[in-house]
Amino acid sequence: MTEIKESLRPDAGRGVFATRDFEIGEYVCFYDGVKRPMESAEDHEYAAPDGNNNILIGKQNVDGKLEGVAQLINDYCALIIDDEDSDDYGIWKINGLKVNAKIQLYNLIASEKANVVNNNGNLYAIKPIKAGDELYYKYGENYWIFRSYLHAKSPLLKLYFIIRSKMLLIEKDYFIYRGALTLPVLIFRSLGLNKDDEIFKYLHISELNNKDKLIYLYGLIDGQIDID
């Protein structure tokens, strides 16, 4: 039903191609891998969302004659958020124009080009597929945001990612990071920030304690406050 060949997408490596026609709703193949929570996955070569807020870590020894080949299906385009997407103050914001323009463009193109959907590891056609067509499915912005987080160098960009993906939540002055109550100093440490970091001086919040610094940065990125 499918075969593995070099993808038609530049620098995408291998891809999966249909060897016969598929109608809308028809089963195509499955993702041979291990299911994990999205936020706990590490940076693997083959990893993709399963459509239910989990991530599938794919087996790399793929036999093109078997049905378990979906780990090689590419998203038609990638969403990469980097240094160029910050605003004039070097801050990435949830409502930032540059970031959201890039996300909207990704969603538009990836949705238009996707011809299969991943439902709990099983791939189904969402458009008529002809023999010889390459298969694409939309990984989704949360997946790409998490992948960007893994490669981010800037502590503030990492903070943007964990706030946007809700890995970090603030509830009544309690900080919930990756599902566990966490001290602000440990969150800063995981981001590569220390108490004398230049960003605190730049934002004029060096004198605040760690809790108030984190609340300020959270509000700044979340759009609740603006830089004076």
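List of remarks:
- Computed packing ranks the peptides 115-124, 90-99 as 115-124, 90-99, most packed first, by mean other Cβ atoms within 10 Å.
- Cut-off under 5 Å, modelled amide H: who pairs with residue 74 long-range: 16, 137
- With a threshold of 21 Å on the Cα-Cα distance, the over-threshold entries among 5/138; 102/213; 113/153; 172/201; 102/138 are 102/213; 113/153; 172/201.
- Amide proton proximity set for residue 21, modelled H, under 5 Å, gap of 5+: 131
None of the figures in this text is laboratory data; all of them are computed from the coordinates on show. The structure displayed is predicted, hence computed values, not measured ones. Here the Cβ is made from the backbone with ideal geometry for all residues, glycine too, and neighbour counts use every protein chain on show.
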